[in-house]
Structure formats: C-alpha cells, structure tokens
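A.B. asks: Sending over a structure as structure tokens; questions will come in a sec.
The values are calculated or read from the model by the stated rules, or taken from the named source; none is laboratory data. Note that the structure is predicted; figures quoted are calculated from it, not measured. No Cβ is skipped: glycine too gets one built from the backbone with ideal geometry, and neighbour counts run over all protein chains shown. Just so you know, the surface numbers come from the protein's heavy atoms only, side chains and all, with ligands and any DNA or RNA stripped out. Shrake-Rupley method; radii C 1.70, N 1.55, O 1.52, S 1.80 Å.
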Amino acid sequence: TRKKAAVWTTEEEGTLLDFLASHLSQASDGNFKKATWNAAAAHMAHNYPPGLDNGNKTAESCEQKFKVLKKSYYTVANLKLVASGFAYNGSMVQ
C-alpha cells in the first residue's frame, strides 16, 4: 500500500519554519543537513502526530515543504520589486 501524503496546515508550516529558524546555525552554505531534517521530522511528529487522514511528516516531506515555501516567498518578493502598484499584506493581493 502507498503511504499517505503529508497534509500541512498553516499552523504546521509555521511550526516547521520556527524550528528551522531556531536551527539556522546548523545550516551550511544556506542548506540544512540531513540531521536537521531528521530533527525537524521528530519535532513535527511530537507536536502533530499523524492521523488517519494525514501522513507522517518525514525528513523528506519537511525538506520539500520548506523548498515550496521558500520558492513561494521569493516569487512574491520578486513580484513586489517589479510590479508597479502591487501590494501584498500577507493574506491578499491588492
């Protein structure tokens, strides 16, 4: 059988980002090591145990979620730089 995909809430994303921010000293060349991703997965499992409708947040899923969030952040940041009259208040485009 296939593993259930990890479903992330906004709260869980924030928890992951807070954890990674507190471990920035462990990042080398701007990237976290496998040990940090393993610790992040353990942190997420402790705070948000997997349920019937939600898969386990593994080291790999934590790393993938971070990459997606980082890509979204840079997309919005770059758009703000080049789009005249564009405003983003964190929840909606104006």
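A.B. asks: Collect the residues in segment 49-67 that are closer than 21 Å to K33 by Cβ and open to solvent by less than 80 Å² (accessible area, probe 1.4 Å), keeping them in residue-number order.
C.D. replies: Matches in segment 49-67: K57, T58, A59, S61, C62, E63, K65, F66.
A.B. asks: Now, a different point. Mind counting the residues in segment 58-72 that are in contact (Cβ under 8 Å) with a residue 40 or more places away in the chain and within 11 Å of the chain's Cα centre (by Cα)?
C.D. replies: Residues of segment 58-72 in contact (Cβ under 8 Å) with a residue 40 or more places away in the chain: 58, 61-62, 65-66, 69.
Adding the requirement that they be within 11 Å of the chain's Cα centre (by Cα) leaves 61-62, 65-66, 69.
Selection size over segment 58-72: 5.
A.B. asks: For residues in segment 15-41 being exposed (fewer than 12 other Cβ atoms within 10 Å of the Cβ) and part of a loop (DSSP other than H, G, I, E, B), which is farthest from the chain's Cα centre (by Cα)?
C.D. replies: Of all residues in segment 15-41, those exposed (fewer than 12 other Cβ atoms within 10 Å of the Cβ) come to 18, 21-22, 24-25, 28-31, 34-35.
The next check asks that each one be part of a loop (DSSP other than H, G, I, E, B); those that pass are 22, 29-30.
Values: S22: 14, D29: 18, G30: 15 Å.
Once the filter is applied, the top-ranked residue is D29.
A.B. asks: So which pairs qualify, if the first residue must be in segment 20-44 and more than 20 Å from N56 (Cα to Cα) and without any contact (Cβ under 8 Å) to a residue 24 or more places away in the chain, the second must be of a type in the set (D, E, K, R) and open to solvent by 60 Å² or more (accessible area, probe 1.4 Å), the Cβ gap must be under 8 Å, and the two must be at least 6 apart or on different chains?
C.D. replies: Q26/K33; A27/K33
A.B. asks: Out of all the residues in segment 1-14, which are assigned to a helix (DSSP H, G or I) and not charged (D, E, K, R)? Can you show your working first?
C.D. replies: Our first condition is that a residue be assigned to a helix (DSSP H, G or I); within segment 1-14, this holds for 10-14.
Residues satisfying the conditions are T10, G14.
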